[in-house]
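Step one of this worksheet: look at the structure below.
The values are calculated or read from the model by the stated rules, or taken from the named source; none is laboratory data. The model shown is predicted, which means the values in this text are computed figures rather than measured ones. Neighbour counts run over all protein chains shown; Cβ positions are idealised from the backbone, glycine included.
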Amino acid sequence: SCRCAWLVSEIGVEDDIVIEKVSLHGPAANLDEYANVHPYRTIPALRLPSGETLLESGAICLYLADIYSEKLASQGLVPAVSEKANYYNWIVHATSTVDQILDPLYMQLTHTPEEKRNQELIAEKKKKFTVFATTLNAHLSGREFICGDNFTAADCVIGYNVWWASIINKGALLSEYPEIQEYKERICNRDAWKKVFCRAPKPSGGSL
Ligand SMILES: N[C@@H](CCC(=O)N[C@@H](CS)C(=O)NCC(=O)O)C(=O)O
(Lines give C-alpha, C1' and ligand atoms only; values in the text may rest on other atoms or scores of the structure.)
Protein backbone atom coordinates (compact mmCIF):
# COMPACT_ATOMS: atom_id res chain seq x y z
CA SER A 1 0.00 0.00 0.00
CA CYS A 2 1.05 3.62 -0.36
CA ARG A 3 0.33 4.38 3.30
CA CYS A 4 3.98 4.47 4.29
CA ALA A 5 5.21 6.51 1.32
CA TRP A 6 2.41 8.97 2.04
CA LEU A 7 3.48 9.29 5.66
CA VAL A 8 7.13 9.74 4.61
CA SER A 9 5.97 12.57 2.38
CA GLU A 10 3.83 14.13 5.15
CA ILE A 11 6.79 14.05 7.57
CA GLY A 12 9.01 15.50 4.84
CA VAL A 13 11.81 12.94 5.12
CA GLU A 14 11.96 11.73 1.52
CA ASP A 15 15.72 12.34 1.61
CA ASP A 16 16.23 10.04 4.64
CA ILE A 17 14.32 7.06 3.29
CA VAL A 18 14.97 5.38 -0.03
CA ILE A 19 11.72 4.30 -1.67
CA GLU A 20 12.24 1.46 -4.10
CA LYS A 21 9.53 0.32 -6.46
CA VAL A 22 8.82 -3.40 -6.63
CA SER A 23 6.93 -4.91 -9.54
CA LEU A 24 4.73 -7.69 -8.21
CA HIS A 25 3.22 -8.74 -11.52
CA GLY A 26 4.08 -8.77 -15.18
CA PRO A 27 7.37 -9.00 -17.02
CA ALA A 28 9.17 -6.54 -14.72
CA ALA A 29 8.37 -8.58 -11.59
CA ASN A 30 11.50 -9.28 -9.57
CA LEU A 31 9.92 -11.27 -6.79
CA ASP A 32 12.68 -13.78 -6.16
CA GLU A 33 15.04 -10.98 -5.30
CA TYR A 34 12.35 -9.22 -3.26
CA ALA A 35 11.68 -12.42 -1.27
CA ASN A 36 15.00 -11.72 0.48
CA VAL A 37 13.41 -8.56 1.86
CA HIS A 38 9.81 -9.70 2.41
CA PRO A 39 9.29 -13.47 2.69
CA TYR A 40 5.56 -13.16 1.86
CA ARG A 41 6.47 -11.11 -1.22
CA THR A 42 3.95 -8.39 -0.44
CA ILE A 43 4.48 -4.66 -0.22
CA PRO A 44 5.48 -2.61 1.63
CA ALA A 45 8.57 -3.50 3.67
CA LEU A 46 10.91 -1.18 5.54
CA ARG A 47 14.54 -2.24 5.90
CA LEU A 48 16.43 -0.46 8.65
CA PRO A 49 20.15 0.34 8.58
CA SER A 50 20.59 -2.38 11.24
CA GLY A 51 19.27 -4.94 8.73
CA GLU A 52 16.02 -5.48 10.65
CA THR A 53 12.93 -5.36 8.44
CA LEU A 54 9.36 -4.29 9.20
CA LEU A 55 6.83 -6.24 7.16
CA GLU A 56 3.48 -4.60 7.92
CA SER A 57 2.25 -1.22 6.68
CA GLY A 58 0.61 -0.43 10.04
CA ALA A 59 3.79 -1.24 11.94
CA ILE A 60 5.87 0.83 9.51
CA CYS A 61 3.58 3.86 9.95
CA LEU A 62 3.62 3.52 13.74
CA TYR A 63 7.40 3.15 13.72
CA LEU A 64 7.95 6.18 11.47
CA ALA A 65 5.54 8.27 13.54
CA ASP A 66 7.48 7.22 16.63
CA ILE A 67 11.00 7.89 15.42
CA TYR A 68 10.00 11.17 13.78
CA SER A 69 7.67 12.18 16.61
CA GLU A 70 9.44 15.49 17.27
CA LYS A 71 9.32 16.51 13.65
CA LEU A 72 5.65 15.53 13.45
CA ALA A 73 4.85 17.37 16.68
CA SER A 74 6.47 20.53 15.34
CA GLN A 75 4.04 20.33 12.39
CA GLY A 76 0.99 19.56 14.55
CA LEU A 77 0.70 16.07 13.07
CA VAL A 78 0.44 14.04 16.29
CA PRO A 79 -2.65 12.94 18.19
CA ALA A 80 -3.66 14.79 21.36
CA VAL A 81 -3.38 12.58 24.44
CA SER A 82 -7.18 12.32 24.54
CA GLU A 83 -7.14 10.97 20.95
CA LYS A 84 -4.58 8.21 21.45
CA ALA A 85 -7.19 5.48 21.84
CA ASN A 86 -8.65 6.48 18.46
CA TYR A 87 -5.20 6.67 16.95
CA TYR A 88 -4.16 3.11 17.83
CA ASN A 89 -7.58 1.62 17.33
CA TRP A 90 -8.09 2.94 13.80
CA ILE A 91 -4.56 2.10 12.65
CA VAL A 92 -4.78 -1.52 13.77
CA HIS A 93 -8.43 -1.80 12.70
CA ALA A 94 -7.52 -0.67 9.18
CA THR A 95 -4.86 -3.29 8.62
CA SER A 96 -6.36 -6.18 10.55
CA THR A 97 -10.03 -5.79 9.56
CA VAL A 98 -10.71 -3.24 6.83
CA ASP A 99 -8.03 -4.52 4.42
CA GLN A 100 -9.61 -7.98 4.68
CA ILE A 101 -12.93 -6.49 3.56
CA LEU A 102 -11.61 -4.28 0.77
CA ASP A 103 -9.08 -6.61 -0.78
CA PRO A 104 -11.62 -9.25 -1.91
CA LEU A 105 -14.18 -6.58 -2.85
CA TYR A 106 -11.59 -4.83 -5.01
CA MET A 107 -10.42 -8.06 -6.66
CA GLN A 108 -13.98 -9.25 -7.29
CA LEU A 109 -15.48 -5.98 -8.48
CA THR A 110 -12.61 -4.61 -10.54
CA HIS A 111 -10.44 -7.55 -11.57
CA THR A 112 -12.90 -10.43 -12.06
CA PRO A 113 -15.18 -10.76 -15.10
CA GLU A 114 -18.83 -10.48 -14.07
CA GLU A 115 -19.69 -14.10 -14.88
CA LYS A 116 -16.85 -15.37 -12.69
CA ARG A 117 -17.62 -13.27 -9.62
CA ASN A 118 -18.31 -14.95 -6.29
CA GLN A 119 -21.58 -13.24 -5.39
CA GLU A 120 -21.73 -14.84 -1.96
CA LEU A 121 -18.31 -13.47 -1.08
CA ILE A 122 -19.23 -10.04 -2.45
CA ALA A 123 -22.44 -9.94 -0.38
CA GLU A 124 -20.60 -11.02 2.78
CA LYS A 125 -17.87 -8.40 2.35
CA LYS A 126 -20.35 -5.65 1.41
CA LYS A 127 -22.23 -6.33 4.64
CA LYS A 128 -19.01 -5.91 6.60
CA PHE A 129 -18.08 -2.83 4.59
CA THR A 130 -21.39 -1.27 5.67
CA VAL A 131 -20.44 -1.80 9.31
CA PHE A 132 -17.05 -0.16 8.74
CA ALA A 133 -18.42 2.77 6.71
CA THR A 134 -21.28 3.44 9.13
CA THR A 135 -18.86 3.50 12.06
CA LEU A 136 -16.31 5.70 10.28
CA ASN A 137 -19.00 8.06 8.98
CA ALA A 138 -20.31 8.55 12.53
CA HIS A 139 -16.78 8.93 13.89
CA LEU A 140 -15.97 11.68 11.38
CA SER A 141 -19.04 13.73 12.21
CA GLY A 142 -17.71 17.01 13.63
CA ARG A 143 -14.09 15.96 13.04
CA GLU A 144 -11.60 16.97 10.39
CA PHE A 145 -9.48 13.88 10.78
CA ILE A 146 -9.39 10.52 12.60
CA CYS A 147 -7.90 12.18 15.68
CA GLY A 148 -9.97 15.36 15.54
CA ASP A 149 -8.32 18.58 14.38
CA ASN A 150 -4.86 17.09 13.84
CA PHE A 151 -3.92 15.08 10.76
CA THR A 152 -1.91 12.07 12.02
CA ALA A 153 -0.43 8.79 10.80
CA ALA A 154 -3.87 7.26 11.43
CA ASP A 155 -5.15 9.28 8.46
CA CYS A 156 -2.49 7.81 6.18
CA VAL A 157 -3.61 4.34 7.24
CA ILE A 158 -7.43 4.68 7.23
CA GLY A 159 -7.28 7.33 4.50
CA TYR A 160 -5.70 4.75 2.24
CA ASN A 161 -8.71 2.47 2.83
CA VAL A 162 -11.09 5.32 2.08
CA TRP A 163 -9.31 6.11 -1.17
CA TRP A 164 -9.22 2.39 -2.05
CA ALA A 165 -12.98 2.10 -1.47
CA SER A 166 -13.52 5.22 -3.60
CA ILE A 167 -11.96 3.68 -6.71
CA ILE A 168 -14.22 0.61 -6.66
CA ASN A 169 -17.32 0.98 -8.89
CA LYS A 170 -16.78 4.74 -9.26
CA GLY A 171 -17.24 5.39 -5.56
CA ALA A 172 -20.57 3.53 -5.25
CA LEU A 173 -19.50 1.99 -1.94
CA LEU A 174 -19.23 5.45 -0.37
CA SER A 175 -22.33 7.02 -1.91
CA GLU A 176 -24.35 6.91 1.33
CA TYR A 177 -21.59 8.26 3.56
CA PRO A 178 -21.26 12.05 3.18
CA GLU A 179 -18.82 12.50 6.09
CA ILE A 180 -16.46 9.95 4.52
CA GLN A 181 -16.77 11.62 1.11
CA GLU A 182 -15.84 15.00 2.57
CA TYR A 183 -12.97 13.41 4.51
CA LYS A 184 -11.71 11.84 1.29
CA GLU A 185 -11.71 15.26 -0.42
CA ARG A 186 -9.76 16.74 2.50
CA ILE A 187 -7.06 14.09 2.47
CA CYS A 188 -6.74 13.96 -1.31
CA ASN A 189 -6.17 17.72 -1.38
CA ARG A 190 -3.04 17.40 0.72
CA ASP A 191 0.23 18.04 -1.11
CA ALA A 192 1.84 14.90 0.33
CA TRP A 193 -1.07 12.76 -0.87
CA LYS A 194 -0.89 14.23 -4.38
CA LYS A 195 2.86 13.65 -4.61
CA VAL A 196 2.55 9.96 -3.76
CA PHE A 197 -0.75 8.94 -5.29
CA CYS A 198 -0.23 10.69 -8.60
CA ARG A 199 2.46 8.17 -9.38
CA ALA A 200 0.59 5.14 -7.98
CA PRO A 201 -2.86 4.86 -9.53
CA LYS A 202 -3.56 1.28 -8.45
CA PRO A 203 -3.65 -0.04 -4.88
CA SER A 204 -2.68 -3.56 -5.78
CA GLY A 205 -0.32 -5.14 -8.25
CA GLY A 206 1.65 -1.93 -8.18
CA SER A 207 4.62 -0.80 -6.28
CA LEU A 208 6.03 0.80 -3.12
N1 LIG B 1 -0.81 -6.80 5.97
C2 LIG B 1 0.05 -6.31 4.92
C3 LIG B 1 -0.60 -6.58 3.56
C4 LIG B 1 0.35 -6.31 2.44
C5 LIG B 1 -0.28 -6.59 1.07
O6 LIG B 1 -1.04 -7.55 0.88
N7 LIG B 1 0.08 -5.76 0.10
C8 LIG B 1 -0.45 -5.93 -1.25
C9 LIG B 1 -0.39 -4.66 -2.04
S10 LIG B 1 -1.21 -3.30 -1.27
C11 LIG B 1 0.40 -6.93 -1.98
O12 LIG B 1 1.61 -6.87 -1.91
N13 LIG B 1 -0.25 -7.88 -2.68
C14 LIG B 1 0.43 -8.92 -3.37
C15 LIG B 1 0.14 -8.94 -4.83
O16 LIG B 1 -0.53 -8.02 -5.35
O17 LIG B 1 0.64 -9.86 -5.49
C18 LIG B 1 0.33 -4.82 5.12
O19 LIG B 1 -0.57 -4.10 5.59
O20 LIG B 1 1.45 -4.38 4.84
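Some notes on this structure:
- Taken as a whole, the structure leaves residue 23 outside the set of residues that are at pLDDT below 95, near the ligand (Cβ under 9 Å from one of its atoms), part of a loop (DSSP other than H, G, I, E, B) and out of contact with any Cys (no Cβ under 9 Å at 6 or more places or on another chain).
- Within segment 139-166, if we keep just the residues that are hydrophobic (A, V, I, L, M, F, W, C) and without any contact (Cβ under 8 Å) to a residue 60 or more places away in the chain, the residue that is nearest to residue 82 (Cα to Cα) turns out to be 145.
- Leading residue by the ranking (nearest to the ligand (Cβ to nearest atom)) among those in segment 35-57 that are surrounded by 15 or more Cβ atoms within 10 Å (Cβ to Cβ) and among the small types (Gly, Ala, Ser): 57
- Per the listing 112, 95, the residue uniquely at pLDDT 95 or above, β-branched (Val, Ile, Thr) and in contact with a Ser or Thr (Cβ under 7 Å, 6 or more places away or on another chain) is 95.
- Test: residue in segment 175-186 that is hydrophobic (A, V, I, L, M, F, W, C), assigned by TED's automatic domain parsing to the domain that holds residue 102 and surrounded by 17 or more Cβ atoms within 10 Å (Cβ to Cβ): yes
- Those residues of segment 132-191 which are β-branched (Val, Ile, Thr) and touching a helix residue (DSSP H, G or I) at 6+ places or on another chain (Cβ under 7 Å), in sequence order: 146, 152, 157, 158, 162, 168, 180, 187
- On inspection, residue 78 passes the criterion of being part of a loop (DSSP other than H, G, I, E, B) and among the hydrophobic types (A, V, I, L, M, F, W, C).
- Qualifying residue in segment 128-148 (condition: of a type in the set (D, E, K, R), farther than 21 Å from residue 190 by Cα and surrounded by 15 or more Cβ atoms within 10 Å (Cβ to Cβ)): yes
- Residue in segment 100-112 that is part of a loop (DSSP other than H, G, I, E, B), within 16 Å of the ligand (Cβ to nearest atom), closer than 27 Å to residue 130 by Cβ and more than 14 Å from the chain's Cα centre (by Cα) present: yes
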